[in-house]
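The values are calculated or read from the model by the stated rules, or taken from the named source; none is laboratory data. Not measured: the values here are computed from a predicted model. Cβ sites come from the backbone with ideal geometry, for glycine too, and all protein chains shown count toward neighbours. What goes into the accessible areas is simple: the full protein's heavy atoms, side chains included, and nothing from ligands, DNA or RNA. Shrake-Rupley method; radii C 1.70, N 1.55, O 1.52, S 1.80 Å.
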Amino acid sequence: MRIFILVLAMAFGLAACTEGFVSFPVTSSAQKDVPDDVEIIRLDETNITSFARPSRRHVQSNIPSGNGWNYRVGVGDIISVIVFDHPELTLPAGPQRTAEESGFRVQADGTFFFPYVGQVMAEGRTLEDIRGELTGRLATYIPDPQLEVRVAAFNSQKVVVSGEVKKPNRQPLTTTPLTLAAAVSEAGGLTERGDAREITIQRGNRRYRVDMAGFLNEGMRRNNPTLQDGDVINVPRRQAQEAFLLGQIKKPDVIDLSQDTVTLTQAISRLGGLDEIRADARGIFVFRKRHPGITVFQLDTSSPTGMLLGTQFVLEPGDVVYVVRSPLMRWNDTISALLPSVRAVDLVDSVAN
């Protein structure tokens, strides 16, 4: 009798200890006693589509798009002017001289000198404007002059690309519009830590947030603006966006949500799946903080449709996924923990006899 009482006492003690793990009521009747600030949503075919898209959507930028780009010459640019049939008006390039070396530099006052014409204002003007003025002024000396005006070297206007790109650099603006995506690509693209959602463009005294991922993923054209002179583009480091998977999963761990959309089934599968021996397939819960309380989503995977429903449930940053232990395994764990002590007591009792 003494041994039986001792075993019972140990059994009750161990049973209490096994309740140290997190538990949550699985059945509807038991869930009636949860606090009022906890809302429980059972996932099924009728409501799963409401959770099939991430709540963090791409945001359209309010930065001016800059459509209709037309390059305007600035101080430091090298202008190349070709007057057809009049090579004497074009500085000879020669085999050792580049087009930049043989062109006309726009001086600090915004002008450049051209034979017969004199000083020509170039700063702030388009190539078409400059060609039109040269044509008109040369007509005094050359009947019906035919000209071509180009920029041999773009030195006056630049943008800066910094932050989490592989090759931070300065890039000149040219007659071809430079978009945000093109500038980032020219800087080697994003690093593994770069956040395409939170790019900023400093333009003058204003800073714009640009979700470039919205352009790349959904074609939001305003999120790929044409850059302007002096723009400073910064790609920030991606902040942690994680969901936490705990309980009766083979490899409980953290899932990164910052780059890809991850569903509940994907997350569980990446961590080895459920612990089939210990897990209660009725009790896959997702705890999500909502103001002012908590929403708990329950997925029952005891039927084949359960995991299919899980492929449509998108996890959100901060979600805690918990898989409860089955009632049978609670009992088995208690017995398993108890058996060594029972065997020890039996051994002592047999020796005593």
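Things worth noting here:
- Across region 24-153, the convex hull enclosing all Cα atoms gives 282 Å³ per residue.
- Per-residue ³J(HN,Hα) for region 71-87, Karplus 6.51 cos²θ - 1.76 cosθ + 1.60, θ = phi - 60°, Hz, x for Gly and Pro: 4, 10, 5, x, 4, x, 5, 9, 9, 10, 10, 10, 9, 5, 6, 9, x
- Long-range HN-HN contacts of Glu242 with modeled amide H, under 5 Å: Leu257, Gly318
- Net charge of Cβ neighbours under 15 Å - reference Arg206; Lys, Arg +1; Asp, Glu -1: +1
- Computed over protein heavy atoms with a 1.4 Å probe, the accessible surface of region 240-332 works out to 48 Å² per residue.
- With kT/(6 pi eta Rh) evaluated at 10 °C and eta = 1.306 mPa s, and Rh the Kirkwood radius from Cα pairs, region 94-201 diffuses with a coefficient of 94 µm²/s according to Stokes-Einstein.
- Calculated FRET efficiency for the pair Ala108/Tyr141, C-beta based, R₀ 25 Å, to 0.05: 0.35
- Less than 5 angstrom separates the built amide H of Ala122 from those of Thr111, Phe112, all sequence-distant by 5 or more or on a different chain.
- Entry comment: accessible area of region 131-205 is 51 Å² per residue, from protein heavy atoms only and a probe of 1.4 Å.
- Using alpha carbons only: equivalent-ellipsoid semi-axes of region 147-248, gyration tensor based, whole Å: 32, 13, 12
- Net +/- balance of residues flanking Ile255 in space, Cβ distance below 13 Å, scoring K and R +1, D and E -1: -4
- If you take the Cα centroid of region 107-175 and the Cα centroid of region 28-73, the two points sit 49 Å apart.
- Amide hydrogen proximity for Ile79: with H placed 1.01 Å from N in the peptide plane, the residues at 5 or more positions away or on another chain lying under 5 Å are Phe104, Arg105, Val106, Ala152.
- Kirkwood-Stokes translational diffusion coefficient of region 133-193, alpha-carbon pairs, 10 °C, 1.306 mPa s, µm²/s: 109
- Apportionment of accessible area to carbon and sulfur, region 146-275, percent (1.4 Å): 43
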